[in-house]
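Below is one structure, written out as structure tokens; comments come after it.
The values are calculated or read from the model by the stated rules, or taken from the named source; none is laboratory data. Just so it is clear, the model here is predicted, and its values are computed rather than measured. When we count neighbours, we look across all protein chains shown, and the Cβ atoms used for this are built from the backbone with ideal geometry, even at glycine. To get the accessible areas, we keep the full protein, side chains included, count just its heavy atoms, and leave off ligands, DNA and RNA. Shrake-Rupley method; radii C 1.70, N 1.55, O 1.52, S 1.80 Å.
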Amino acid sequence: QVQLVESGGGVVQAGGSLRLSCAASGRIVSFNRMYWFRQAPGIPRDLVALINSDGSTQYTDPVKDRFTISRDNAKNTVYLQMNSLKPEDTAVYYCAAGNFAPSYWGQGTQVTVSS
């Protein structure tokens, strides 16, 4: 059983930055993909970014050029660097792990961007 624990959320002003971390109890190198999702109130959970085992990445359009996903296999940790934050980025951010779809989820961390 893999446990994922997110951290790094908080309140930040528009234009600011945050770095989210997702620490896994197991070896993330065993997963093809690591994901970051987010969910705002009343809106379905959406994919923000993913990183494959070969290091290739994908981003949803609203965060391209502002967010960067990375993974440190030695530390079993995935990161999401978020720059130039906007109020519409406010959401609970979830880390997930899996091979071709998310199989394990973290509990989420709240990110609030004030205008």
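On the basis of being in contact with a helix residue (DSSP H, G or I) (Cβ under 6 Å, 6 or more places away or on another chain), on the phi < 0 side of the Ramachandran plot and of a type in the set (A, V, I, L, M), does VAL5 make the cut? Considered against the rule, which asks whether it is in contact with a helix residue (DSSP H, G or I) (Cβ under 6 Å, 6 or more places away or on another chain), on the phi < 0 side of the Ramachandran plot and of a type in the set (A, V, I, L, M), VAL5 comes out as no.
All of SER84, SER56 fail the test of being loosely packed, with under 14 Cβ neighbours inside 10 Å and more than 21 Å from VAL11 (Cα to Cα), apart from SER56. Scanning the range 1-10 for residues that are part of a strand (DSSP E or B) and of a type outside the set (S, T, N, Q), we see that the one that is farthest from ALA97 (Cα to Cα) is GLY10. Step by step: first the residues of the range 89-106, then only those that are assigned to a loop (DSSP other than H, G, I, E, B) and touching a strand residue (DSSP E or B) at 6+ places or on another chain (Cβ under 7 Å), then the one that is surrounded by the most Cβ atoms within 10 Å (Cβ to Cβ). Which residue is that? Residue satisfying both the conditions and the ranking: GLY106.
Considering the range 11-41, and only residues there that are under 11 Å from MET82 (Cβ atoms) and assigned to a strand (DSSP E or B), the residue that is most open to solvent (accessible area, probe 1.4 Å) turns out to be ARG19. Tallying residues that are at pLDDT below 95 and not in a strand (DSSP E or B) within the range 45-88 yields 7.
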